[in-house]
Each structure stands twice: as structure tokens, then as C-alpha cells.
1. If packing is taken as the average count of other Cβ atoms within 10 Å, what order do 178-187, 260-269, 60-69, 3-12 fall into, highest mean first?
2. Could you tell me what fraction of 2.2 N^0.38 Å the Cα radius of gyration of segment 118-169 comes to, as a two-decimal ratio?
3. Please give the length that would be gained between ARG311 and SER15 if that part of the chain were fully extended, namely 0.36 nm times their separation in residues minus their C-alpha to C-alpha distance (nm, one decimal).
4. Taking only the C-alpha atoms, wrap a convex hull around segment 281-321 and report its volume per residue in Å³ as a whole number.
5. Once fully extended, how much extra length lies between ASP231 and SER258, figured as 0.36 nm per residue of separation less the alpha-carbon to alpha-carbon distance?
6. With respect to the cross-link table entries LYS93/LYS318; LYS6/LYS35; LYS35/LYS297, which display a Cα-Cα separation exceeding 23 Å?
7. If each of LEU319 and LYS6 carries a label point 7 Å out from its Cα toward its Cβ, how far apart are those two points in nm?
8. Pop out the ³J(HN,Hα) list for segment 318-326 in order, Karplus 6.51 cos²θ - 1.76 cosθ + 1.60 with θ = phi - 60°, rounded to Hz; leave Gly and Pro as x.
Amino acid sequence: MAVTIKDIAKRAGVSYSTVSRALNGIGDTNTESRKRILRIAEELGYVPNQAAISLKKSRSYVIGLYFSTISKMTSPFVLHDVLTGVYSVTGSKYNVVVKGIDMHEPGTLNPTYFDGIIVLSQRNEDADFMREVQDKEIPMVVICRTVDVDAPNVTTDEALAMERAMDYLLENGHRRIAVIEGTPGLDSSRLRHRGWRTSMIRHGLDPEELPVMSGNYRYASGYTAAKRLLDSRPTAMLCFNDEMAFGARAAIVEAGLSVPDDVSLIGFDNWDMSGYSDMHLTTVERNMGEIARTGTKVLLRRLDEGIIDNRRIYLNNKLIIRDTVKRLEPAGERTSE
């Protein structure tokens, strides 16, 4: 099996990016460190990836955007915002090729085709693909979640954001709160779940007492979950994204109730429609466009300037307060009853 940069990094006890800079004469790797890395590379019989060398000599000006499957994971609205953010940075200089990770055949990545790859990752199963990108020595940035790879990550603190959303409901007197969570197994679902529970515990309340159902981040699942959750007579519903919140609103209206007079509603993502429809939804703004812009800038700095920046970059979330949360007095009771 061919020796890779990862093998050299393991032997030298340094990061992947340090080895890459040393082998390519980039950055601030000190002379002694570079000599040691080059010596280890020679001892291991490292042969530079010829396809990668060809890529450096003849750029393709193609950026790959790989995402977790759209059929079950990545919302089309999220993908739209990400694409808009990527294109705003690449302009006409780069072509952007969009592909699903679940459709990728392992071992088929061609490093002569891509200058770099942006990974919109939402699940642990994406790790094999990211390892292949690194083994092929293709520059990469990962957006939307924090992952344990030697590449820049750009994301937000979703747990803290959902904690603040639940705080807002509790501070407005709600106690009978139903929760519509997202697709089980996704990092976003796990982090948002942790966030609302942290808020409950901090307020001295038992999160196990709340009725909870899982959706799949789509409108229909929000509708179906809300129809069942209305049996618990909640004063509010906390939804893991705006699309499900709009589905929940349909179920609430169908039951002869209104938002927010009978049931308050909070979403997540600040979907474009949330501020311009007839329901001005209170929601958490997770600016996927800004996440994508930041990640793309980091990648292009490496491609165009040779600057390797493998930091984890966290962007801020913001609670957007609109018209769908009613203040209750006394706490937890409907004022209309």
C-alpha cells in the first residue's frame, strides 16, 4: 500500500497540514521540523501523488460541493442557501459541481478533477468520504458540523441556539411545551435535543415531562407530529426547523386553533419564508449562506494563496423574535381558558 501524508504525520507526531506544508515548502514550518519530516518521508518511501502534482501544475478551477443525501438528510432549502453562499465567493473563476455523498462510489475521487472540495456534512457516515478526500490530498473544508479531520470546520453552536429558543418560551410563561425534533442520528438533531433539555434543567424543570416526537425536517412530518402532539394540549411547540414549524401550523389551524393565541410556535434556521409569509415565525437564524461563504473563503485562500487554516470556526446564531410566541400569565396556562 502506498505511503500517504497521513502515515508521515503519524510517525512524526504532527498534524496532516504540517506535513503538507513541509513537503510543499509552504507556510512557517521551521527548518528543523521540515528536515525531520522530509527525512521520515524518505525513510517510509513516500512518493508524491502524481495526480496531485499535476493538479498543482494545471488547475482545473472546479470546486466540488458534496452533501449528505438530499432524499433523507439535506433540506433543499439549506442546500439552496449553501449554493448561494458558495457562488457569491467563487464568482465566475470556479465551476461548482454538486454531488451527494451517498451516491459516491468509494475510491473513485479523481484529484485531477477538483481543485478543492467543500463537504456539507450532517452525519457520521460521511467520515469515510472525508478520509478519501484527504488520502487523495485534495484540499477540503467541512461546513455545518464539527468533525475530527485535519481540515477547517465552519459551523455554529446549535445546542446553545436551541437552548436560547427554549429559554424564550419558558421566560414567556410556557410550561406545556411539545417538541418536534429532527431526523434521528443527525448531528443537528442531537445538538438541538441537548440544547432544549439543558434549558429545561437550568430552569429547574424535568425535560422528561415534555411530549416529544421526531420528524425528518420536512413539512409533512411537522404536520403529522403536531396532529398527535395536540392531544397533550400544549401552549407551545418547539420545532427543530422552520419547514416543520409551518407543517405544525397547518395542523394547529386544522384543529380549529390559532398561532399564537392558542399555541405558540418557534422554528429554527430562519427560512426565507418565515419572515414574509402570513405567519411571521419566531425562529433561530442559522445563516447557512454565511457559513458557506466563510468556508469557501477559507478554501480559496488555500488554493489561491497557499494559506492553510485548519481552525474550527464558529459563527453566531441569533434568535429572531417575530409574532408567534404569546406571553402567558400565570406561567403555563392559556389566558383564554
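What follows draws every value from the coordinates through simple rules; no lab data is involved. Predicted model, so just to flag it, every value in this text is computed and none were measured. All Cβ positions, even for glycine, are placed from backbone atoms using ideal geometry, and neighbour counts span all protein chains on display.
1. Peptide ranking by packing, descending: 260-269, 178-187, 60-69, 3-12.
2. Scaled against compact globular proteins, the figure is 1.42.
3. 105.3 nm
4. Expressed per residue, the convex hull around the Cα atoms of segment 281-321 is 52 Å³.
5. Additional length available on full extension: 8.2 nm.
6. Where the Cα-Cα span goes over 23 Å, the pairs concerned are LYS93/LYS318; LYS35/LYS297.
7. 4.2 nm
8. 9, 7, 9, 8, 10, 10, 10, 10, 9
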